[in-house]
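*Asks:* What follows is a single structure, and I will ask about it in a moment.
The values are calculated or read from the model by the stated rules, or taken from the named source; none is laboratory data. It should be emphasised that the depicted structure is a prediction, and the values quoted were computed from it without experimental measurement. For neighbour counting, all protein chains shown are included, and Cβ atoms are generated from backbone atoms with ideal geometry for every residue, glycine included. Just so you know, the surface numbers come from the protein's heavy atoms only, side chains and all, with ligands and any DNA or RNA stripped out. Shrake-Rupley method; radii C 1.70, N 1.55, O 1.52, S 1.80 Å.
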Amino acid sequence: MVKNIYFASDFHLGSPDEKTSRTRENRIVRWLNYIEPSCSELFLMGDIFDFWFEYKTVVPKGFVRLLGKLAQMSDQGIKIYFFKGNHDMWVNDYFTKELGIQIISDEFEMERNGKRFYLHHGDGLGPGDRKYKFLRKIFRNPICQWLFSLVPPRIGMGIANGWSSSSRAAGTTPDGVSKEKFMGMENEWLAVYAKEVLQKTHYDYFIFGHRHLPLDLQLFGNSRYINLGEWLNFYSYAVFDGNELCLNYFESK
């Protein structure tokens, strides 16, 4: 059987409530069961959790169905990569020690079967959004993370989950439906960023999350920009079969 490489992002597990998150988690596990026989590598490209913070001896409760499935896949020799997103940037070494997952903090470049890939969650890239780019530097600062770790988990998780929910809600209607629309190539900031990178180095595929809108856009030089969308509404993912990259949907409505 041909072994494929799979990409997905923005599960936002934990949001907006336990029941809804559990339903989404079950769907994600069904998807992992579906791809497992043909999967050689799995890239989870950020915001897998709506919030995650690792204290020295404490991690957020829940998500055991997903974590158990990832552990099983890793034990079978499937290489798994976890990208830090803007909602789960405080991942440390728990997934590596427990699950054998490689943590990616920023961009990741690779070549597979003669095709070059540029991978990133997508936060902090492209023009604009200076406020978030400033906050990102603060949130990722080791001293700031250490200071936050001094806050008792019950208080710290409450504060962070409140911030996380308000941040995510900006892109959805009150009933949770995505408000994201294609803004045109010149206004899609991650596509703009990809074109800037192409001025210096060629990549066949740019793959990002963060945007919450599935996109497959042709750039110049036979390069493509893929946004993975999210699993709150679209249940979208990408698969590379060694020759071609496709954007797909799992159990879509």
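*Asks:* Could you tell me how many of the residues in region 55-103 are of a type in the set (A, V, I, L, M, F, W, C), in a helix (DSSP H, G or I) and in contact with a strand residue (DSSP E or B) (Cβ under 9 Å, 6 or more places away or on another chain)?
*Replies:* So the answer is 5.
*Asks:* Looking for whichever is on the phi < 0 side of the Ramachandran plot and modelled with pLDDT of 75 or more here; the options are VAL64, VAL151. Which one fits?
*Replies:* Every option except VAL64 fails the conditions.
*Asks:* Out of the residues in region 1-43 that are in a loop (DSSP other than H, G, I, E, B) and polar (S, T, N, Q), state the one that is farthest from GLY85 (Cα to Cα).
*Replies:* Going through region 1-43, the residues in a loop (DSSP other than H, G, I, E, B) turn out to be 1-3, 9-12, 14-17.
Going one step further and asking which of them are polar (S, T, N, Q), we end up with 9, 15.
Details: SER9: 9, SER15: 15 Å.
Selected residue: SER15.
*Asks:* May I pose another question? I'd like the residue in region 64-86 that is small (Gly, Ala, Ser) and without any contact (Cβ under 8 Å) to a residue 60 or more places away in the chain and, out of all such residues, is surrounded by the fewest Cβ atoms within 10 Å (Cβ to Cβ).
*Replies:* Among residues in region 64-86 that are small (Gly, Ala, Ser) and without any contact (Cβ under 8 Å) to a residue 60 or more places away in the chain, the one surrounded by the fewest Cβ atoms within 10 Å (Cβ to Cβ) is GLY77.
*Asks:* List the residue pairs whose Cβ atoms are under 9 Å apart, where the first residue sits in region 227-239 and is on the phi > 0 side of the Ramachandran plot and buried (at least 23 other Cβ atoms within 10 Å of the Cβ), the second is assigned to a strand (DSSP E or B) and modelled with pLDDT under 95, and the two are 6 or more positions apart or on different chains.
*Replies:* Between residues of region 227-239 that are on the phi > 0 side of the Ramachandran plot and buried (at least 23 other Cβ atoms within 10 Å of the Cβ) and residues that are assigned to a strand (DSSP E or B) and modelled with pLDDT under 95, the close pairs are GLY229/SER178.
*Asks:* Regarding GLY171, is this residue modelled with pLDDT under 95, of a type outside the set (Asp, Glu) and farther than 18 Å from GLY46 by Cβ?
*Replies:* no
*Asks:* Out of the residues in region 31-52 that are open to solvent by 10 Å² or more (accessible area, probe 1.4 Å), of a type outside the set (D, E, K, R) and in contact (Cβ under 8 Å) with a residue 40 or more places away in the chain, state the one that is nearest to TYR94 (Cα to Cα).
*Replies:* Among those residues, the one meeting the criterion is PHE51.
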